[in-house]
1. Would you mention how many residues in the range 222-232 are touching a helix residue (DSSP H, G or I) at 6+ places or on another chain (Cβ under 6 Å) and open to solvent by 30 Å² or more (accessible area, probe 1.4 Å)?
2. Pairs please, first residue from the range 326-341 and within 25 Å of Ala304 (Cβ to Cβ) and among the small types (Gly, Ala, Ser), second anywhere and open to solvent by less than 50 Å² (accessible area, probe 1.4 Å) and not in a loop (DSSP other than H, G, I, E, B), Cβ atoms under 8 Å, 6+ apart in sequence or on different chains.
3. Looking for whichever is farther than 21 Å from Tyr300 by Cβ and buried (at least 18 other Cβ atoms within 10 Å of the Cβ) here; the options are Gly219, Gly243. Which one fits?
4. Consider Ser347 carefully, then state whether it is open to solvent by less than 10 Å² (accessible area, probe 1.4 Å) and either of a type in the set (Gly, Ala, Ser) or touching a Pro at 6+ places or on another chain (Cβ under 7 Å) (or both).
5. Residues that are surrounded by fewer than 16 Cβ atoms within 10 Å (Cβ to Cβ), modelled with pLDDT of 95 or more and under 21 Å from Asn213 (Cα atoms): does the range 359-371 have at least one?
6. I'm trying to understand the selection: among the residues of the range 136-164, which are of a type in the set (Ser, Thr, Tyr) and either in contact with a helix residue (DSSP H, G or I) (Cβ under 8 Å, 6 or more places away or on another chain) or surrounded by fewer than 20 Cβ atoms within 10 Å (Cβ to Cβ) (or both)?
7. For the range 269-276, state whether one or more residues are outside any loop (DSSP other than H, G, I, E, B) and either touching a Gly at 6+ places or on another chain (Cβ under 8 Å) or among the hydroxyl-bearing types (Ser, Thr, Tyr) (or both).
8. Yes or no: the range 155-164 includes at least one residue that is within 29 Å of Pro77 (Cα to Cα), assigned to a strand (DSSP E or B), without any contact (Cβ under 8 Å) to a residue 60 or more places away in the chain and touching a strand residue (DSSP E or B) at 6+ places or on another chain (Cβ under 7 Å).
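The values are calculated or read from the model by the stated rules, or taken from the named source; none is laboratory data. A quick note: this is a predicted structure, and the numbers were derived from the prediction, not measured. Cβ sites come from the backbone with ideal geometry, for glycine too, and all protein chains shown count toward neighbours. SASA here: full protein model, heavy atoms, side chains in, ligands and nucleic acids out. Shrake-Rupley method; radii C 1.70, N 1.55, O 1.52, S 1.80 Å.
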Amino acid sequence: MRAIVVLVLLGSVMGAEETAADVAVVLTRKDSIPEEVRNATDPYFEGYIQALVDMHYAEYRVVVLVKNHKVWLANMPSNKMLSNSIAAFVRDVPGVEEVHVLNGVPPKDEELREKYVERPKINGIWFPQMTELFLPLIADPRAATYSIGWRSGDRVCGNQCIGISLGDDFPIYRWLELFWSGDLQIGIEAGIWSVFNMDPNPNLADGAAELVNTDFYCGIPITYAAGPWSFRLRGYHISGHLGDEYMIDHPNVVRLNPSIEAVDFFASYQATEAIRLYVGPGCYVHSDPTFKWKPLYIEYGTEARFLGSKFHDQKLYGTCFIALLWRNLEQLDYNFDGTYRAGYEFSKLQGIGRKFRLYVGYHHGYSLEGQFAKKRTHYFEYNLNYGF
């Protein structure tokens, strides 16, 4: 428990008699909740924690039980990452002595609590917003998130570029407790990625920046999570479009139509609370005749989080991360194509909800921009990112 010391010094001026009075006020996180809550009876404390859990994890019917300020959590989600995050959230509430995750109720309280814990469960949730079953891949250059950053050294788009993305996942419906007691969700994803060359040469358009390319994406992900495993089956479309300034600055360019419909299946394993591994084979089921692709590809990688810290005053959780992703495409003779990122992320709760990330990255392999996607390149990037 971190304490914040506010020290107010009322002292003497140089040369005056010593009349200083030192006043020290110590504020701890326990002061963030009312005294009557911290010292309340178990039923009162139970209701307070239940309200907190319902506020932040509305889509899960978690039940809170309290006895002697020891907390039992029932009806927890089967996804290990979500369950650990809820337990960590409750454990951090001032006044909580212990936290236990259970499938039923404490034996001594079974008769008293059975009807409450075994209350009817809902079968599903429309438009869940607070959690994701399959989290986006941090190192994926085509993850549907919001970002802006500086790119240097790209031999395809320009030595000095700005890249932006606007993308999000729109969950439609989540079924609870299916198959192996996991959750199943269907949604819609959409996004755009644009690259601007900040030092175009030639600059026939006479602009401050040259829009090189914009990719448009939409997909339908079906995701499932149980225990440490999560899965994503996705059908999607992505297409690239050259920018007007680029075509003016390069009048001899031949515009192609890099349009693809594809399907892929990813499996993700949360090996520990800090380490995630994933792999996903995919297939291009259709590509435009002007820009054909051989069908097969595979992506795989890992993410690691470490040195997590809780900023109680700001109600934030921060952690360092490293993310690595590799791709091998049949069209490119299965040559390695890698993206590597390292940085720091902030979130409201530990491991849950949307996050704000600052990171540096390096891409080595092939461009991802529209009709340049078969050309080799490498570049450094410095990005701000917001998303799950």
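1. From the range 222-232, those touching a helix residue (DSSP H, G or I) at 6+ places or on another chain (Cβ under 6 Å) are 227-228; that's our starting set.
With open to solvent by 30 Å² or more (accessible area, probe 1.4 Å) added as a condition, the list becomes 228.
The qualifying residues number 1.
2. Gly338/Leu324; Gly338/Leu325; Gly338/Arg327; Gly338/His363; Gly338/Gly365
3. Values: Gly219 fails: farther than 21 Å from Tyr300 by Cβ.
Testing whether each residue is farther than 21 Å from Tyr300 by Cβ and buried (at least 18 other Cβ atoms within 10 Å of the Cβ) leaves just Gly243.
4. Details: open to solvent by less than 10 Å² (accessible area, probe 1.4 Å): yes; either of a type in the set (Gly, Ala, Ser) or touching a Pro at 6+ places or on another chain (Cβ under 7 Å) (or both): yes.
Yes; evaluated as a whole, the condition is true for this residue.
5. Quick first cut of the range 359-371, residues surrounded by fewer than 16 Cβ atoms within 10 Å (Cβ to Cβ) only: 360, 362, 364.
Remaining after also requiring modelled with pLDDT of 95 or more: 360, 362, 364.
Going one step further and asking which of them are under 21 Å from Asn213 (Cα atoms), we end up with 362, 364.
Yes, that holds for at least one residue.
6. Our first condition is that a residue be of a type in the set (Ser, Thr, Tyr); within the range 136-164, this holds for 145-147, 152.
Tyr146, Ser152 - these are the residues of the range 136-164 that are of a type in the set (Ser, Thr, Tyr) and either in contact with a helix residue (DSSP H, G or I) (Cβ under 8 Å, 6 or more places away or on another chain) or surrounded by fewer than 20 Cβ atoms within 10 Å (Cβ to Cβ) (or both).
7. First pass over the range 269-276, keeping only residues outside any loop (DSSP other than H, G, I, E, B): 269-270, 275-276.
Next cut, either touching a Gly at 6+ places or on another chain (Cβ under 8 Å) or among the hydroxyl-bearing types (Ser, Thr, Tyr) (or both) only: 269.
Checked against the condition, which is being outside any loop (DSSP other than H, G, I, E, B) and either touching a Gly at 6+ places or on another chain (Cβ under 8 Å) or among the hydroxyl-bearing types (Ser, Thr, Tyr) (or both), the range 269-276 yields at least one hit.
8. no
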